[in-house]
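Undergrad: Take a look at the following structure, please.
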Amino acid sequence: MAIITRFSDKQLLVIEDQAGMRTQLQMSLSNLGFKKSHVVSNIKDAIRLVRSTYYDIILCDYNLVDRTNGQQSMALAECDRIRNISRCC
């Protein structure tokens, strides 16, 4: 019998550049009940996913190796999403 948690229906994106931390986060989030998650290592891949998927939660490393921080990364993703919406309408 499957255990349903308050997180099991939430779509989650994790952006983390360190492989060991990505693995740890995946295990921890799975233990919390997250079933719908994507994990990427850079902002380029994150923006690609944000274009096509709605996420309830985005968990982003603050200091990414490409010298963007989490706040800058989310601003880029939001600008990209707005551009895509305006192209569609």
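Undergrad: Taking θ as phi - 60°, what are the ³J(HN,Hα) couplings along segment 44-49 by the Karplus curve (6.51, -1.76, 1.60), each to the nearest whole Hz, with x for Gly and Pro?
TA: Result, ordered by residue: 4, 5, 5, 5, 4, 6 Hz.
Undergrad: Using Cβ contacts closer than 10 Å as the measure, can you line up I57, I43 from fewest to most?
TA: Least crowded to most crowded, the residues run I57, I43.
Undergrad: Right, something else. Once fully extended, how much extra length lies between M21 and K36, figured as 0.36 nm per residue of separation less the alpha-carbon to alpha-carbon distance?
TA: 3.6 nm
Undergrad: Which distance in nm do the two modelled labels at I57 and D9 give, with both placed 7 Å along the Cα-to-Cβ direction?
TA: Roughly 1.6 nm, to one decimal.
Just so you know, all these numbers are worked out from the coordinates, no wet-lab data involved. It should be emphasised that the depicted structure is a prediction, and the values quoted were computed from it without experimental measurement. Please note: Cβ atoms are built from the backbone with ideal geometry, for glycine as well, and neighbour counts cover all protein chains shown.
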